[in-house]
Amino acid sequence: MDLLMKEIRSMIPSEQILTSLADRYSYSYDASFGTYLPEVVIQVKNKEEISALLKLANTFNIPVYPRGQGTSLSGGPLPVKGGMVLDMSQWNGDLKIYPDDLVAVVSPGVLTSNINQDAEKFGLMYPPDPSSAHVSTIGGNLAENSGGPRGLKYGVTKDYVIGLEVVTPEGEIIKTGGKTIKNVTGYDLTKLIVGSEGTLGIITEATLKLVPKPPASRTMMAVFDDLVQSGTAISKILTSGILPAKMEIMDQSSIIAVENYQPLGLPIEAEAILLIELDGHPLAIEEEMKKIEEIFADFESVKVKIAENMDEAQSYWRARKLVSPAIVKIKPTKVSEDATVPRSKIPDMFQKLKEIREKYDVHLVVFGHAGDGNLHPNIICDKRDTEEMIRVEKAVEEIFKAAVELGGTLSGEHGIGTLKAPFMEMELGAAGLDMMKRIKQIWDPNNILNPGKIFPEEGQKLVLRE
Amino acid sequence: MSTGAGLKDRLHYNETFNCVQCGYCLPVCPTYETMESEVHSPRGRINLVKMLAEDKIKAEDLREPIEKCLGCRACETACPTSVQYGKILEGAKEVLEFAEQKSKAQKISESLIFDQMFPSKRWMNTIGNLSWFYQKSGLQKMAQRTGITHLAPLHMGKFESVLPDLPSPAERKKRVQVYKASGTRKITVGFITGCVMDAIFYETNRNTIDLLTKAGADVFIPVSQTCCGALHAHAGKIADAKDLAKRNIEAFEKEEADYIVNNAGGCGATLLEYGELFKGDSDWESRAQALSNKVRDISQVLSELDGLSFTKEVNGTITFQPSCHMINVQKVKDEPLSLLKQVTSKGYREMKDKERCCGSAGIYNIVNYEDSMEILDIKMKNVKDTNASIIVTSNPGCLLQMKLGIQREGLEKSVRAVHLVDLLVEAGAVSK
Ligand SMILES: Cc1cc2nc3c(=O)[nH]c(=O)nc-3n(C[C@H](O)[C@H](O)[C@H](O)COP(=O)(O)OP(=O)(O)OC[C@H]3O[C@@H](n4cnc5c(N)ncnc54)[C@H](O)[C@@H]3O)c2cc1C
Ligand code: SF4
Ligand code: SF4
């Protein structure tokens, strides 16, 4: 390590190298579970530095972990095997909008919401909107292929990346894709790197596609006294020729938690609330709203409210935003999952989750992106209570099983990281997982870049205890 | 120092578990913005407190991150899970204060400042009369000699040049204990004069009383009130803070007040948390809470009374710099703006990130001068972008800091800073 440090100091300005115990502990966590102490943290500011550091890491066989703002919910940036953390969050200098090309070119540490903010100045929009957009970096979003409520209509991060600049695990600087919307030259490495959770390369620049900002939007709230009915209603709307921008669901536990946290006048006796946002031309929205109301009229006892103005719409969305904070009032630890099922299977998933809640006696709350089947089952617990955490681990395992059995997936947007690695084979099969591993081996023969993620180690199990 | 359950309690270890490490507090933290590393972010600081409680790091590892925190508590407002950062910070400061091996000289000089000067009306008056305490009390020299709380380098000259004119000792003596409402009395309020506030911004206090009586309030000013204890609490001297609090509780209990009014965001915030300070203390908790329940910022009371009209145009465009503790702790947001809107001026222009700390933060700008100036420079850039000619503030510390900012930018000719209360008087406040 001494020799390595000497080499590092010879090529990186000293103020970018953090080695104190306090600094190292400060990059030892993310928003999931576990604390892993890196040996050194380097705040990188350009691709040459990264390239040199990776070459060095290959020589010394030291793991390297890229890190954005550490908001990962799956353990993505955790330095599980010690080594070097590369803090990308301070490399946030470039954010250029090219309105005529409808693209943005950004450095990796730029906050995602800033991209959208700047695009709006030109009447444009960067659609991916993870709830963490005002905190997380675009690099982290790209690595996790993040999604958000608007994913229903607009898709996720990968649908908006057309070009990347990447430092490979062996320290070479490459470009993938380009600035054009159409591009079919060779393998699509851009899409391979997006969602690879920092295991195939370090993103140093991204070219992102922008779209025109829709001129208007409106929000409606539908209240159901039957959860399964809400699932049927979702399918009906989506097959009626209307594509809402957002369609979000809150179950009764979430409704009650929000009301207890901050009374907004939500119907606590309801089994589910559906929030729908339409966007587009104002006249088209009006028509579509009518049509949705007609669809709801077929369902008995569903109450529908259309927000009169922006303020009212915002108050509806506020309720949805408050779910996360509200539920941790019950107990401090939140195990936040993002198991995703085909849309038609939402009612079945709800049924399954109900059973799991009873079987393991855990406090399970469900909300999320109903429109695309991306549910967020959250278990509220206390990580100091070992006995409870063991039950939670079992419940989580069963949630993943249920999702996969229903034809769904382990992760809709949070990534695999360390937490879901043990379940990969269950979804992909041995051969499928092996294909992915082979890609990793070719790109990173010394297993330098973000080891310990995505691929399970021999006998690895889900552990939510420290 | 022993590391057992005692340390965990004092560090509020259990509160740290409410942090889910989501990072929502990062973008609002001024020190994370200027110092660019996780140790200087709220999430980082909370984690380090936890690490100390778990004996994974030493107290000394925590010292710099905690000392560089402004205590502005913007992180609390941003936090989706309501982590009590203020409590965690004070606990950490108390532990650090305890862990420090202090020299005898240090102890004596600290005792002089915290035990004798701040709580003492007489001292404060004297200081006020002489000029500001740092310049003339010999504190500067003493601080340099003893290196109290490693304050050096102190940039006293800079602060001295932005101090307002002070009233004569005779003027100070004229203050009485009760001022009657002009016209019909709507409410009775007690007034917290504040220590530094009263020493240096005597005029603003006089204007505060003037506005309150014109708006229809009887105002009483107990002589036995003392320093609110904010500086003590923030320096980790909880026992001293409690002693001062008790004296204030007794002082204000003597009269029946509808509200207890302050015009300094930091003092208001401390008084508002007296209840919390005495939590679990059977003798004092309810009395402290009773006081806390009555605490209001001057802008809240004036808005509620709605008893003033403004008769003179203020010459200039206005921008507003609210104090952190007013926004983040007292949660007073709209009232100052609605008052400002009643004033005739050349317009109001909101600055970017107006609610971000200006770097004043108690005595932060004195102990961490360079860091404070970096934060101030960002603030001044946002001020300049508004092209406003008047910066209105709601706290004496912020007011001085903004004056310093104006000076740093060389804007003395075109921009001035003024306390909200003084601006309202300047705008010709009269009873409705
Ligand atoms: C409250 C909360 C709400 C959230 N909501 C959503 C949501 O709605 N949708 C969603 O999808 N996610 C959500 N997340 C998860 C998280 O915000 C995202 O995964 C985000 O993309 C992580 O970004 P980051 O900058 O924090 O990256 P980090 O957490 O630091 O890192 C994430 C991964 O990216 C890698 N990485 C970081 N930078 C680079 C780079 N430049 N090149 C290569 N690899 C890199 C890291 O190694 C790691 O594997 C939420 C998280 C929280 C705490
Ligand atoms: S109190 Fe202010 S400076 Fe301190 S951590 Fe919170 S936001 Fe940052
Ligand atoms: S916002 Fe609150 S919960 Fe999130 S990291 Fe900051 S203090 Fe912790």
If each residue of separation counts as 0.36 nm, what is the full-extension length gain between B:Glu54 and B:Lys180 once their alpha-carbon separation is subtracted?
39.7 nm
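Give, in whole angstrom and from largest to smallest, the semi-axes √(5λ) of the equivalent ellipsoid of segment A:16-122, with λ running over the eigenvalues of the Cα gyration tensor.
Output for segment A:16-122: semi-axes of 29, 17, 11 Å.
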Taking a Cβ-Cβ separation under 4.7 Å as the criterion for a possible partner, which cysteines of the protein assembly as shown have none?
A:Cys381, B:Cys19, B:Cys22, B:Cys29, B:Cys69, B:Cys79, B:Cys358, B:Cys398
Interatomic Cα distance distribution for segment B:361-425, bins of 10 angstrom, percent
21, 55, 23, 1
Give me the aspartates and glutamates in straight-line cross-link reach of B:Lys331: C-alpha distance below 15 Å, same-chain residues under 8 apart excluded.
B:Glu76, B:Glu273, B:Asp297, B:Glu355
Evaluate the Kirkwood expression for the hydrodynamic radius of segment A:224-306, namely the inverse of the mean inverse distance over all pairs of different C-alpha atoms, and round to one decimal in Å.
13.6 Å
Rg in Å to one decimal, and Dmax rounded to a whole Å, for the protein assembly as shown via C-alpha atoms:
29.4, 91
Pairs of Cα atoms farther than 42 Å apart, chain A, %:
17 percent
With charges only on Cβ, +1 for K and R and -1 for D and E, what is the dipole size of the protein assembly as shown about its Cα centre, in debye, rounded to 20?
2380 debye
Which of B:Lys254/B:Lys279; A:Lys158/A:Lys209; B:Lys341/B:Lys432; B:Lys68/B:Lys403; A:Lys213/A:Lys246; A:Lys236/A:Lys345 have a Cα-Cα distance over 18 Å?
B:Lys254/B:Lys279; B:Lys68/B:Lys403
Tabulate in residue order the Karplus-calculated ³J(HN,Hα) for segment B:338-346, using 6.51 cos²θ - 1.76 cosθ + 1.60 with θ = phi - 60°, rounded to whole Hz; enter x for Gly and Pro.
5, 5, 4, 5, 6, 7, 7, 8, 7
Fully extended contour minus Cα-Cα distance, from A:Asp298 to A:Asp94, at 0.36 nm per residue:
68.3 nm
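Give me the orientation-averaged projected area of the Cα convex hull of segment A:367-444, in nm², one decimal. Intermediate values should be presented prior to the final figure.
Working: hull surface 26.7 nm².
Directional mean of the projected Cα hull area for segment A:367-444 stands at 6.7 nm².
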Check which residues have an amide H placed less than 5 Å from B:Gly428's amide H, if you skip close sequence neighbours.
B:Thr311, B:Lys312
Roughly what would the spin-label model give for A:Asn309 and A:Lys290, points 7 Å off Cα along C-beta, in nm?
2.5 nm
Test of understanding: ordering A:Asp118, A:Asp298 by Cβ neighbours within 10 Å, fewest first, what list do you get?
A:Asp298, A:Asp118
Return the subset of A:Lys291/A:Lys359; A:Lys175/A:Lys453; B:Lys87/B:Lys214; A:Lys291/A:Lys354; A:Lys179/A:Lys453; A:Lys383/A:Lys420 for which the Cα-Cα distance in this structure is over 29 Å, preserving the input order.
A:Lys291/A:Lys359; B:Lys87/B:Lys214; A:Lys291/A:Lys354; A:Lys179/A:Lys453
Short version: ³J(HN,Hα) in whole Hz for each residue of segment A:366-378, in order, from phi by Karplus 6.51 cos²θ - 1.76 cosθ + 1.60 (θ = phi - 60°), x for Gly and Pro, what are they?
10, 8, x, 8, 4, x, 10, x, 8, 8, 10, x, 10
Could you give the angle, 0 to 90 degrees to the nearest 10, between helix A:346-360's Cα long axis and the longest principal axis of the Cα atoms of chain A?
70 degrees
If each residue's Cβ is checked for other Cβ atoms within 10 Å, how do A:Arg67, A:Arg150 rank with the fewest at the top?
A:Arg150, A:Arg67
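Taking R0 as 51 Å, what's the FRET efficiency between A:Ser235 and B:Asn315 from their Cβ-Cβ distance, rounded to 0.05?
0.20
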Obtain the radius of gyration and the Kirkwood radius of segment B:195-349 from its C-alpha atoms and give Rg over Rh.
0.99
When only C-alpha pairs under 8 Å and at least 6 residues apart count, what is the relative contact order of chain A, in percent?
15 percent
Which distance in nm do the two modelled labels at A:Gln441 and A:His363 give, with both placed 7 Å along the Cα-to-Cβ direction?
4.6 nm
Inter-probe distance in nm under a simple model that places probes 7 Å from Cα toward Cβ, at A:Ile174 and A:Asn46
2.4 nm
What fraction of the DSSP beta bridges in the protein assembly as shown is antiparallel, stated in percent and rounded to the nearest 5?
70 percent
Global form of segment B:1-101, assessed from the alpha-carbon gyration tensor, a/c cut-off 1.5:
prolate
Taking segment A:238-295 and dividing mean pair separation by its residue count, relative contact order in percent (alpha carbons under 8 Å, at least six apart):
39 percent
Rank these for me by crowding, A:Phe299, A:Phe224, going from fewest to most other beta carbons within 10 Å.
A:Phe299, A:Phe224
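Please report the relative contact order for segment B:306-432, taking Cα pairs under 8 Å with a sequence separation of at least 6, and give it as a percent rounded to a whole number. Walk me through the intermediate numbers first.
Numbers: 199 pairs, mean separation 47.6, N = 127.
After rounding, I find 37 percent.
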Potential extension, B:Lys432-B:Glu250 segment - 0.36 nm per residue separation minus Cα distance
62.1 nm
Going toward the positive end of the dipole of the protein assembly as shown, with +1 on Lys and Arg Cβ and -1 on Asp and Glu Cβ, which of B:Thr226, A:His363, B:Tyr13 do you reach last?
B:Thr226
From other protein chains only, count the Cβ atoms within 10 Å of every residue's Cβ in A:18-24, then give the mean.
6
Here the FRET efficiency for B:Glu36 versus A:Thr35, based on Cβ atoms and R0 = 35 Å and rounded to 0.05, is 0.95
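Bear in mind that the values in this text are calculations on the coordinates, not laboratory data. Since this is a predicted model, take the numbers as computed values, not measurements. Cβ atoms come from the backbone with ideal geometry, glycine included; neighbour counts cover every protein chain shown.
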